[in-house]
Structure formats: structure tokens, C-alpha cells
Number of protein chains: 2
Amino acid sequence: MTDAAPPPARPEARSPRGFADRRGPSLIAERRIVQRVSEVYERWGFEPLDTGAFEYADALGKFLPDADRPNEGVFALQDDDDQWMALRYDLTAPLARFAAQNWETLPKPFRRYAFGPVWRNEKPGPGRFREFTQCDADTVGSDRPEADAEIIAMACEGLQAAGLQPGQAVVRVSNRKLFDGLFEAGGVTDPGQRLTALRAIDKFDRLGWQGVAALLGEGRLDESGDYTKGANLPLGVAATIEAFLGSAGDGDRTRAETLDAIARSGGLGAAGEAALEELAGIDRALGAMRVGQDAVRFDPTIVRGLEYYTGAVFEAELLLDTTDDKGRPVRFGSIGGGGRYDDLVARFTGESTPATGFSFGVSRLASALRAAGRTDGAARGPVVVIVFGQDDMQAYLDAVSELRNAGIAAELYLGRAGMKAQMKYADRRGAPAAIMLGGDEIAAGQVTIKDLDAGRQLAAGVTDNEAWKSERPGQMKVARNELVTTVRSIIDASSRMPA
Amino acid sequence: MTDAAPPPARPEARSPRGFADRRGPSLIAERRIVQRVSEVYERWGFEPLDTGAFEYADALGKFLPDADRPNEGVFALQDDDDQWMALRYDLTAPLARFAAQNWETLPKPFRRYAFGPVWRNEKPGPGRFREFTQCDADTVGSDRPEADAEIIAMACEGLQAAGLQPGQAVVRVSNRKLFDGLFEAGGVTDPGQRLTALRAIDKFDRLGWQGVAALLGEGRLDESGDYTKGANLPLGVAATIEAFLGSAGDGDRTRAETLDAIARSGGLGAAGEAALEELAGIDRALGAMRVGQDAVRFDPTIVRGLEYYTGAVFEAELLLDTTDDKGRPVRFGSIGGGGRYDDLVARFTGESTPATGFSFGVSRLASALRAAGRTDGAARGPVVVIVFGQDDMQAYLDAVSELRNAGIAAELYLGRAGMKAQMKYADRRGAPAAIMLGGDEIAAGQVTIKDLDAGRQLAAGVTDNEAWKSERPGQMKVARNELVTTVRSIIDASSRMPA
């Protein structure tokens, strides 16, 4: 070999770690979710708001970058006037800034919904992205329990509009002040002790009471041999918490029954009593909104964003028996959540401003819908019109245009490959049919239509039913003026095809 | 006054310079544009693609940040593995990276559309933002003129779907190799001289031929007394360019006539002849797609992204007589554009890959639609149900729910203010009607409906027509079971209201 000049330096075609390219049916499914939920939110009187990707770092709050680690948690950079800006990590912080900035001129209470990408500068991993789409609805400026109830009821309707059936999801509701009251009344004042106790309670659904009791006491040795130090709560407080956590029953109590059970568990203190009163107000409003006992439950085991929420907290959970790869039942878990946060706008204005909202991640809801088997009308590729030669371009383009005008997605093959490659192309495109207009067919006023779905079914061995085969012959020659009706019958038949 | 403790430091509620909050009707109008154009693009066989906000800086190309000015042109930051990432400044560079990365598995040619924010780190100013939404459609992997024609024809259909009437916009098409050929044949080889000449030609629609001729020659003194040095082209070349620029006529020639005129103007060289051949192919395809001569014109005066495009170039222009604040006619100008770029994927792969596309800015198209008077069905606020007291909450919520179930956006007032403030709130919300359910009305099975649109019209003095007043009495009491039909008739009447 002789020495050759080095090839020109070319960048590698790759996307940054934690940033995904999304396309085709899964992207269309996510957009459909956002579209349908938006329609519900607008019908409930929530107006759309779109804030910019960047906020000043001091407006974002807890993620204020320092000079050593400017990207800790967020993507931050210094503007040319030296101010630190960061990409939003959620949609609530920008709402608080917007509300504070425009408070005088906003209709109050102010209802808005928003969706769009948020960015978190975290270690990426499988299924963990640094950019994802959130969809939020919030009411700022109302302390009424009806405002919480409305957010909860609307979240239920939004989840159903996205595709979940009634009974496939539940919104669990609690109030973070219940724990404040329990600790207060029990004399637990140390913030570290409170946090350790709350972390223990958060494991209730996984460990059951025995595990939580150990973690509320001295500590717990788990199956892998790791020891977790406990909260060392007084025994009496732990007993109160046991009764408290049991008050939801097995998910078979009405909201009012759960409230009664919480009240009977006792030891709630002043803050807890106030929390119960708020929950009773939410229950009355949910009842007036005719929200079923199955759709929204009270559940005091919910521990959620405790340094953030100031009252009611909500968590939407998928109710489906999904299994892991060893066939064991797995809980899909949370598909969204929210609550009341009365202090966020006050960061700017100094005046406490009541606010409540609900948020979900669009990709996660799309996963939940797939788990629920709700992949309705998976987007199809376009019908592909095959190109045999330049001379009959007019006939090809007329067919494309006729299909499109009938509302059927259609395209002309635009490469320069032969028949076989074009059929492979049509298959990759997920086309339901390929249209062939050879010279003879054009002259005879005919068209050949290849039913690619039938071909796929046969190739996959999905059906060898002879009757079905004769019904879906794979390829047919029809009169040219029957093009649209024939293609439409293929697409309609495919939507009824054995899965 | 006595000394008080200083108030706690609070961040100022403001968004970073060049980033706008968008809400309400204008945001809804922009989303409607994207929605309608997306439907067209999908029907034409273009699949949606969503790439991440960040690309590695070397993948973005010309904006590679250097250590001194890392944010020059783009927003760039260093990842924790020290690699430079930058927010995308358009949707084409990410497409080139994506196509290069996935070339083996993509159906080819690959058609995709995309929309989303792009970011430019430029000096913000009135109407100049550092974040805006683009909407692109591109075909990668086809060198056929049908691919260009398809993009052009689809752009026309997209603009109409967005709301422009036929005749309100035109797509002008040229080919950047025409200029290459002119310069080549005329012996103009100096790149600087070529660039100066092209800048002069780009002013043809503003300065006319006399002004351009001066700039192609020695130079030009403008009205303000500024002297611009000219390109000093040989006189013969300038004469060829004059004939060339005149070949579009006054916008009354068919595409074929313009091609003839360009050919007759002569001096095109080999590159120019090849460009003419490509344009002739595009014209044949446009004809076969039945795209009218008024919708797409050939116009050799187009100078567009010459270091970027490699063949055909497109520019969509709004055709409306808009006037400035002194009443002088103003051209709205370009509302989108594109062309053929065969070298962008090659940056990664080393192999030239033909590509062609069209892009528009969503806010700019929304402005164009406003200029064209196409603000159809401006989004209305929700119907507001007034709250008199807690006791009748059930009646209020039933009314809200009934309206929503009928597809009418409706909400309960959630604040704690009195009647007058609630009416002001309903007005700020742009509500078409306010619903009043007092205790007496509930008992009598009635409801009072205040027609707020009628009130606004009267207040604005839009009409003092007595007949109209009696038809829109402003406030009416009807049977409770006539709530939905009455509200719907108010909304319908408003859509026919004198503007």
C-alpha cells in the first residue's frame, strides 16, 4: 500500500447522550395524547401558555448554578451580559415567574395549561433521558377546595381522553399537612428524623407495615444484607402512624369512609385536623362534580414532594396487572401527579398565592397506554405509487393526487431503483398498498393494487385461513375509477385484521 | 421611621432577553397552523421526526464554538465529559445528522417533516426573538426534479391549509447554478467579486435595474449620500445579467415562457444550461401535479443562501398590498423558503446525498395570515358560571358540566370575590356569556344568561341598532333545560356579529 492523503476530518453523526430522536408511530401517538388532553383542558377553561426554554437561574430557584458546577441538575450558561440562564427543568417554575410578572393584568384565578420539553442535566441511562415532554394544568389564585377537585376531575377526564378506560387508572389524594400534624402532635421536631420517617412511609406499598415499622424504629436489615438506619420515632408515634396508614383500607373504602378512618386513627394535631377539613371540602366538590369513588380515592400513604407541596397532593396510578420478564406481577406505578403549592409565586412577590396543579410526562403516559393495550389506530404509512418510467408520470401523479384528495395519505416513489426495491421501500414505509400503473394498464383504463397488509399477514404466518386468503387475494386488477374505493376497503379491512 | 430588618432577597420576575411568553388566541392560532400543515404533510407521505434540542457542536458545523466566544451565534455549553453541545439553530442540521446516522435502515428516499423551537444567540430587539418555531419538510435521497416539485406543491397546499387563499401567496423558484453559469461564462472567477455582484442582484426588486447596474459596475451613491463600492463586472457580463433579470417579465409569464426568456438571454455557460434543464424538469412535474402558473413562478432574480443551496431555490411570498403607518404600500416579503442542498449529509458520510426541502417560521406565517385578514374563529374564552354562595355549588357545577358535555368550554368562577368582580373576570376571560343561578332561579327551574358579547358591542358603540338590541337583549332568563341551546345561540350569533 502507498501512503494516501488522510481523508478530510468528518464529524461523527451521533446525538448527545440522553437526547433521543423520535419518529413515526410512537411520536404520532405522543402527539395525539397531547392533542386530546389539550382539548379537554381548554373545554375546562384552561388557557394555553408557552414560556421560553430559558429562565434566569435565580428565577428557577433551587438549581442556582455556582461557578464550579454550573450545570448541576440543569443546563445553564452565562448570557453575554453575564447573567446566568438555565433551561427550564419543569413547567411550574416558569408559571410561577409568569404569574408573578403579570399578576396585575391576569384574570384571577388564572387557569393555564402548558406542554413542552423540559431538560434535566442528569446522568442518562436506559430509558432515562435528559429531555422529555411534560403536560401541566394549574390554577393560580384560588384557595378553594373546588380548585383542587377541578384539577383532579379534569386529570381523570384527560387520562380517559388520552385513551385509558374507566377503571384503568385511579387518582390517589392526600394532604401533606397530615404528616406535619402527626409529627407535631407526637413531639417529633427534628427535620432529619421527620425526613427519615417519611422515606420509610414512602416504602409502605413495597415493604408493608412490618418493614416500615422497623424503619420508623431502630432500623432494618434487608434481604441483600444492607442495613438501613431507622428514624427512632417514639413507639407511640409509630403506633399512630400504623393506624393512620391503615385508614385507606384495601382500596375499597369511599373517600368519606377513609376520612372517617383517618380521623379515628387520632393524633393528628392542629395541622392534621386542618388537612382533614381540606380533604372533606375536596370530597364534597368531587361529589358535586359526580366523580366516582373508584376514579379518585383518598390514600394517606402518599408521600410526595414534601418540601414543595403545601396542602393536597395527588398521584395518578395505572391499575393494570403488568408482569415483568419472569412473569411476576409488577406495578406500573405513577403516571402523573401534583398538588397544592401556595409558596411558589411568593418567592417573587413576597405574598403567598394559592396554587394547585397536575402534571404528567407524555412519554410515560404513552408507555402506560401501551401497557393498557391502547395503541388505537396505529398510524399507517402512505399508499405508495410505483414508478415504472418517466413517460407515465402524469398517470402516477394523478393517482397520488386522487388518493390524497380522498383523505388517504399517498406518495410517489421518488428514487431511481427498480420494481423489487420499490416494493421493499413500500414495505419499510408501512404502506397498506402499492399502486401499479403499467403502460398496458393505463391503456386499458385499469390499475393493479397490491394489498401489502395481506402479504405481511401471510408472510408472518398470522393466518393460513383459505377463506381469508380468497377474501384478501394480495393483488388485484380493478378499473381505474375504482382505485380509491378499493384502496379504502383494504385500509378498512386492515383495521379489522387479526392482531 | 425606625430601622426594620431588610426584606428577604427576592428574585425579579422577568424572562431572559429575547424570550417571549405566548398565550391565548395568538398561541392557539400558531398551533392551528402547525396542526393543519402537519395534516397536509402527513397526507403527502412525510413522516414526523423529533430530534433533541441539543446537537454536538461539531455536528452543527459552521457555528463550532471556540473557547473565547462559546455562544457566538448559538447557545453552547460543555457537557460533563467536556464535549461541546449547542441548541439547534434550525431543523435541517439535525436532519442531516439523523439521516447520516440512520442511513442504512431508513426507507429511501426519506421524507420527513418536523416542527419545534430553534434557538439563535443573537442580539434581541423588537420582534426579534432568540427562540422561535420552525416547520420544515424535506426529502433526502432523491435527485429527481419531482422531489423538488413535490416540496413546492406541498408548500402551496400547506400555506392554503394554514388559511391563505389561492392568489394570496406565490412560490418563486430559481436555481442557484444559473448565477454560477453566468459568472463562469463571463470569466468572473473572483469569489469576492461574485458575492458583491450577488448582493447587488438581491436588491433588484428594491432598486430596479439602474440601481443594480451601478452596483454591478463602479458603485452607487444612495439617497442618504452613502457610497457603495460596486462589483466592477465587465460591461458585457452586466448586459447579460440585465437580460437575465428581465426574463421573469412582470410576473405575467408562464414558467415555460420564463425558461425560454432565460435561455434567450444567453451567456449561461454549462452550469447555467444544466440549471435550466433542472428547472424544465421541475416545470414538467409541477404541470403533472396540476400546479397553477399563478401559484408557482420561475423568477431568476432570487438570490438565496448561496453557500448552502446547490440547485433549485424556492421562496414563498405573501401577495398582499399592505401599507406602512404612512399609508405607503409595503411588501410583506418572504414567508418561507428552501431549496436543494446536496452536500449537507456528505459532511458526515463523505458521500453526496441529494436533499431538498422547504421551511417556514410559524410566527411569521401567523403574521402573514393576520395581514391577509385570516384570523378565523378567534378562540373564545369559556362560559363563566357565577358563584353566589357555597350552598348551591351542586347547581353551578351541574351547569358547568352540562355545557362542557355539549362541547362548550365552561368554567366555575373559583375566586372569592363578589358579583361585580366576577363579571369583570368573565370579561377579561373573553367569555361569550355568564351564567347566573341564584337561589330563586334554581327553585323556579330557571337560569339567567348574560350575553357578554352583546354587552361588549354596546359598550364599544359598535351598534346602536334598535332591532339588533332587541335581538341581543344582553340578559335573559330562560328555563333551566334551555341553558345549552341558549348559550349555543349566543356563541353562534357572535360569530356572525358585525366586526
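Every test in (1) more than 7 Å from chain A (Cβ to nearest Cβ); (2) modelled with pLDDT under 95 is passed by B:ASN71 save one, and that test is (1).
Candidates B:PHE244, B:PHE298: the one that is away from every other protein chain (no Cβ under 14 Å) and within 28 Å of the chain's Cα centre (by Cα) is B:PHE298. Counted as qualifying within region B:340-419 are the strands (runs of 3 or more DSSP E) with 1 or more residues that are under 26 Å from the mean Cα position of the chain (by Cα) and crowded, with 21+ Cβ neighbours inside 10 Å, namely B:355-361.
Identify the residue in region B:339-354 that is in contact with a Pro (Cβ under 8 Å, 6 or more places away or on another chain) and more than 10 Å from every other protein chain (Cβ to nearest Cβ) and, among all such residues, is modelled with the highest pLDDT.
Within region B:339-354, the match that is modelled with the highest pLDDT is B:ARG340.
Close Cβ contacts (under 6 Å, 6 or more residues apart or on different chains) running from residues in region A:225-253 that are in the same structural domain as A:GLY187 (by TED's automatic domain parsing) to residues that are among the acidic types (Asp, Glu) comprise A:GLY230/A:GLU218; A:ALA248/A:ASP299.
The set of residues in region B:138-148 that are touching a helix residue (DSSP H, G or I) at 6+ places or on another chain (Cβ under 6 Å) and at the interface with another protein chain (Cβ under 9 Å from one of its Cβ atoms) comprises B:THR139, B:GLU146. Would region B:193-206 turn up any residue that is in the same structural domain as B:LEU319 (by TED's automatic domain parsing) and on the phi > 0 side of the Ramachandran plot? No, the conditions are met nowhere in region B:193-206. A:ALA114 fails exactly one of the following numbered conditions: (1) within 30 Å of B:ASP79 (Cβ to Cβ); (2) at the interface with chain B (Cβ under 8 Å from one of its Cβ atoms); (3) modelled with pLDDT of 95 or more. What is the number of that condition? Exception for A:ALA114: condition (2). All conditions but one from (1) surrounded by 18 or more Cβ atoms within 10 Å (Cβ to Cβ); (2) within 37 Å of the chain's Cα centre (by Cα) apply to A:ASP427; the one that does not is (1). When B:PHE63 is tested against (1) modelled with pLDDT of 95 or more; (2) within 28 Å of the chain's Cα centre (by Cα); (3) farther than 30 Å from A:ASP343 by Cβ, only condition (1) is not met. Select from region A:5-49 the residues that are surrounded by fewer than 18 Cβ atoms within 10 Å (Cβ to Cβ) and acidic (Asp, Glu) and write down the one among them that is farthest from the other protein chains (Cβ to nearest Cβ). Filtering region A:5-49 for residues that are surrounded by fewer than 18 Cβ atoms within 10 Å (Cβ to Cβ) and acidic (Asp, Glu), the one farthest from the other protein chains (Cβ to nearest Cβ) comes out as A:GLU39.
Looking across region A:326-383 at every residue that is free of Cβ contacts under 8 Å to residues at least 60 places away in the same chain and among the hydroxyl-bearing types (Ser, Thr, Tyr), the one that is farthest from A:ARG97 (Cα to Cα) is identified as A:SER367.
Is it fair to say A:ALA274 is in contact with a Lys or Arg (Cβ under 8 Å, 6 or more places away or on another chain) and not in a loop (DSSP other than H, G, I, E, B)? Considered against the rule, which asks whether it is in contact with a Lys or Arg (Cβ under 8 Å, 6 or more places away or on another chain) and not in a loop (DSSP other than H, G, I, E, B), A:ALA274 comes out as yes.
Residues in region B:101-111 that are part of a strand (DSSP E or B) and more than 8 Å from chain A (Cβ to nearest Cβ): B:PHE110 alone. The helices (runs of 4 or more DSSP H) found wholly in region A:153-271 and carrying at least 1 residues that are within 18 Å of A:ASP283 (Cα to Cα) occupy A:177-185, A:255-265.
Checking each residue of region B:151-162 against the condition of being free of Cβ contacts under 8 Å to residues at least 12 places away in the same chain, within 19 Å of the chain's Cα centre (by Cα) and within 14 Å of another protein chain (Cβ to nearest Cβ) gives at least one match.
Note on region B:74-83: residues that are under 13 Å from A:PHE75 (Cβ atoms) and either more than 8 Å from chain A (Cβ to nearest Cβ) or outside any loop (DSSP other than H, G, I, E, B) (or both) total 3.
Residues that are more than 9 Å from chain B (Cβ to nearest Cβ) and without any contact (Cβ under 8 Å) to a residue 40 or more places away in the chain do not occur anywhere in region A:425-439. Taken together, the criteria exclude A:PHE98 from residues that are farther than 30 Å from B:ILE408 by Cα, touching a strand residue (DSSP E or B) at 6+ places or on another chain (Cβ under 8 Å) and at the interface with chain B (Cβ under 8 Å from one of its Cβ atoms).
The values are calculated or read from the model by the stated rules, or taken from the named source; none is laboratory data. Given the structure is predicted, the values throughout are model-derived calculations rather than measurements. No Cβ is skipped: glycine too gets one built from the backbone with ideal geometry, and neighbour counts run over all protein chains shown.
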